[in-house]
1. With a/c under 1.5 counting as rounded, go ahead and sort the stretch 296-434 into rounded, prolate or oblate using the C-alpha gyration tensor (a ≥ b ≥ c being the square roots of the eigenvalues; past the cut-off, prolate if a/b is larger than b/c, else oblate).
2. Once both labels are modelled 7 Å past Cα along the beta-carbon direction, what's the Val130-Arg229 spacing in nm?
3. Which listed residue (Thr78, Leu53, Ile213) has the Cα farthest towards the positive end of the charge dipole for the stretch 36-268, taking +1 on Lys and Arg C-beta and -1 on Asp and Glu C-beta about the Cα centre?
4. Lysines near Lys128 by alpha-carbon distance under 19 Å, same-chain residues fewer than 8 away left out - which ones?
5. In the Gaussian network model of the chain, springs joining C-alpha atoms below 10 Å, which of Met362, Met300, Met175 carries the largest mean-square fluctuation?
6. Just need the relative contact order of the stretch 36-268 here, percent rounded to a whole number, with Cα pairs under 8 Å and 6+ apart.
7. To the nearest 10 degrees, how steep is helix 254-269 against the longest Cα principal axis of the chain, on a 0 to 90 scale?
8. For the chain, what is the calculated [θ] at 222 nm in deg cm²/dmol (nearest 500), taking -39500 (n - 2.57) for each run of four or more DSSP H residues and dividing by its residue count?
Amino acid sequence: MRVKMNYGRNGLVLELPDSWNTLVIEKSEMPVAGDPHGAVLEALANPVGSRALYQEATGLRTACVLICDITRPVPNSTILPPIIKELLRAGIKPENVTVLVATGLHRPNEGEELRELVGDDWVIETVKVVNHFARNDGDHVDLGKTSCGTPIKLDRGFVEADLKIVTGLVEPHFMAGYSGGRKVIAPGIAHKDTITTFHNAAFMEHPRAANCILEGNPLHMEQLEVVHRLGMVLAVNVVIDDRRNLSFVNFGEIETSHLEAVAYMRRYAEICTDRRVKTIITSGGGYPLDKTYYQTVKSMVGAMGLLENSGDIIVFSECSEGMGSLDYVQAQKQLVKHGVDGFLELIKPKSRAAIDEWQTEMQLKPMRIGNIHLFSGLSTDDRPLTGVNCAEDGKSPLEFISGIIEKNGDGSVAVIPEGPYVIPCSGVPVAQSSESAP
């Protein structure tokens, strides 16, 4: 069987023996917009829970439009020009429109990378395009605290804008249930104190802080409480197919429109089976998501719902930019030093997580169930920091997989070419070696 995995920009083809019992887990074919530009204009004119964008913008002086950073394949070249043209048509001056990159605690996107992210030179030349910097205290407005005590500190440029618009890709997210909407604000444009508080172990270890779960998800609920503090916020939500074509777009009040987009995406992204398997082959999602090992963790968590106890997850992820941030590397060193249970005990008492250690914490979840193996472009110096089994130099993808299949003595294999963009699950419960919540 020939399967093409999402890997880097070009993908990676696996030729799997016909003797294996291979199950490919992928979305059913999604409808695609024949006229993506027209679909966006239609959405802006026919909102969910708000007035049309032109009406919302008329009479206002300033607008701030949030976009996700380079790690998300949002079709900004399709959605940004229509949004901005509507704002200008409504009378807002170009110099009063800001496109703000919601970096969270990720690095800024600058130069040619920023041009690639925005995807349209007219946008860059017409309005301000800037990055959010979560560590710059003076860039944020303090809006108090949530009912759980999380400080609400958000980027001043968004808080003080007359018109607030969020754009984002709706897809499964391994902590917040689904991406997009409220998540583009928190953590997207939140201060580091806000982000590190609702990424502590009390939130992350909650059993409902997981892929495809919104109801009862403490992170989702905290994000909504942050958003509600802002008053009216609008959103443009998009869903894309496995070839990055626009399948769905809507516009409207942020919470209502986001839930509509989630309901659409659920039909394709959540795939249930009646059994678990010993071996799963998945991907880091391909470019741009698999540029770092940090983002690759999502694929491990996404696949674990299908894994038998003591089974194996094999991940193909290019990791062209290495591990990720220096903060994340420090967290991974602690994982390697203390092990799964030791690392969790180390972080449980903290009211604020160390920056990026939550990604290491999420890696603990599949590690409690089985074994993780990585085929990547990481350097020999970086591989030990992953805390998982890494392919040796010179070993082909098939050799890497075959050794694990032979160990398991079972040719039943599940393959997830899109990685974390598709979430398989089984109705069969699985035991974990550690408690689910602190």
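No lab work stands behind these numbers, since they all come straight from the coordinates. Everything numeric in this text was worked out from a predicted model, so none of it was measured. A quick note on method: Cβ atoms are made from the backbone with ideal geometry, for glycine too, and the neighbour counts reach across all protein chains shown.
1. On the way: a/c = 1.81, a/b = 1.24, b/c = 1.46.
In terms of gyration-tensor shape, oblate.
2. Label-label distance for Val130 and Arg229, simple model: 2.0 nm.
3. Of the candidates, Ile213 comes out farthest on the positive side.
4. List returned: Lys85, Lys93, Lys164.
5. With Cα springs under 10 Å in the chain, the top fluctuation among Met362, Met300, Met175 is at Met362.
6. Numbers: 489 pairs, mean separation 51.7, N = 233.
Relative CO of the stretch 36-268 lands at 22 percent.
7. Compared with the principal axis, the helix lies near 30 degrees.
8. Working: 14 runs with 142 residues, N = 438.
Counting only the DSSP helices, I get -9500 deg cm²/dmol.
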